[in-house]
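Worksheet: the structure to be examined is printed underneath.
The values are calculated or read from the model by the stated rules, or taken from the named source; none is laboratory data. As the structure is a prediction and not an experimental result, all values here were calculated from the model. Methodologically, a virtual Cβ is constructed for each residue, glycine included, from the backbone with ideal geometry; neighbour enumeration extends over all protein chains shown.
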Ligand SMILES: Nc1nc2c(c(=O)[nH]1)N[C@H]1C(S)=C(S)[C@@H](COP(=O)(O)O)O[C@H]1N2
Ligand SMILES: [Mo]
């Protein structure tokens, strides 16, 4: 204890007295004699774990509430299901690997990389089979991208439903991928002139496949082996997944084992049935691959009420677009009567999540919070009613409408819809 650096008790008491000015602004309201200041806490009195006690570190046990959650009634079986990223517990723009939402059609494939191959076949000059070590001999690239399931916010099409941004908007994650460019791998195989589509296939029991146009494949798609500096997690497709920047998550095939080159789209289960947007007139809206600009206020929100009462309050949230960056987010506290430009903070990267803040002095009266993102193409996030006017109420996919939280005088927040 004696060699422990830190402020003396006298200095702390002095700092508390100086805190009187801050208390007047509502920023600090601790009474004198707070035992957290005046008493020795247990952890100050003995040595902690040595360096090797935690060879792969985990968050503090006090953060146990920060976790992926599912909605049990949503799907019949956890093997073909989804859970949600706890957006209200996060800061910055990067999703920690252990918190990335999961969407599996046949559970998590536990792939042994030594027994895993990536094959390129179809309309190519040379059919190729790569080991994981072979893949690492292509030039590697690092890019931060969001992945959003097309069904994110799908439960909200007909009206406010789930009480928390984790559930309304948590089918998204944003990580830095390391991998090789898909075009480098395709060029090694030699795509024939007739090769205008690719069909990536996963090694999980669902054998997931999706058709992707060659133009996108040769543009910015990656074959990723790492996320946030470590190998992909099994849940995210270890040892290799396809990265399809800005496009719906379903195309980002995990546990990637084969890419077939063809001259037309394959019409598979997912894309002809589930991953099509039904329009009001019953027509289907197909080939809607890019995710349009969207945002959500993560704090305050139903799972993250205001607990400090009136006074200085920090509102924050995230925004993203599959068409570029987010130069601007506006927020309203009164359901759209007055809009204020939020403060963008942190890296602004193409097809990546952006962080925004709005600091305000809450007077303790009820609030109607909304955020509205504008992307680098000038596109502005629509209201849910504007979306419904175009697409009707039968859609599930691609709901990028403006979210509203009603905050009451106690600071509790609820998912609502207004006009
Ligand atoms: N092989 C395979 N790839 C897959 C899936 C799958 O079930 N199997 N699910 C897809 C869907 S619908 C989505 S939204 C994303 C989810 O990626 P995540 O689990 O990393 O969040 O993976 C896609 N890739
Ligand atoms: Mo998805």
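How about the stretch 168-186: which of its residues are more than 30 Å from residue 128 (Cα to Cα) and either within 15 Å of ligand 1 (Cβ to nearest atom) or assigned to a loop (DSSP other than H, G, I, E, B) (or both)?
Start the filter on the stretch 168-186 by keeping residues that are more than 30 Å from residue 128 (Cα to Cα), which leaves 168-174.
Matches in the stretch 168-186: 169, 170, 171, 172, 173, 174.
Here's the yes/no breakdown for (1) within 15 Å of ligand 1 (Cβ to nearest atom); (2) assigned to a loop (DSSP other than H, G, I, E, B):
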residue: 92; (1), (2): no, yes
residue: 95; (1), (2): yes, yes
residue: 98; (1), (2): yes, no
residue: 109; (1), (2): yes, yes
residue: 114; (1), (2): no, no
residue: 126; (1), (2): no, yes
residue: 133; (1), (2): no, no
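Here's the yes/no breakdown for (1) modelled with pLDDT of 95 or more; (2) assigned to a helix (DSSP H, G or I); (3) under 27 Å from the mean Cα position of the chain (by Cα):
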{"site": "16", "(1), (2), (3)": "no, yes, no"}
{"site": "22", "(1), (2), (3)": "no, yes, no"}
{"site": "26", "(1), (2), (3)": "no, no, no"}
{"site": "65", "(1), (2), (3)": "yes, no, yes"}
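One residue is enough: does the stretch 144-166 have a residue meeting the conditions exposed (fewer than 15 other Cβ atoms within 10 Å of the Cβ) and either in the same structural domain as residue 320 (by TED's automatic domain parsing) or farther than 30 Å from residue 355 by Cα (or both)?
Checked against the condition, which is being exposed (fewer than 15 other Cβ atoms within 10 Å of the Cβ) and either in the same structural domain as residue 320 (by TED's automatic domain parsing) or farther than 30 Å from residue 355 by Cα (or both), the stretch 144-166 yields no hits at all.
Taking residue 418 as meeting all but one of (1) within 24 Å of residue 89 (Cα to Cα); (2) surrounded by fewer than 16 Cβ atoms within 10 Å (Cβ to Cβ), write down the number of the exception.
For residue 418, the exception is condition (1).
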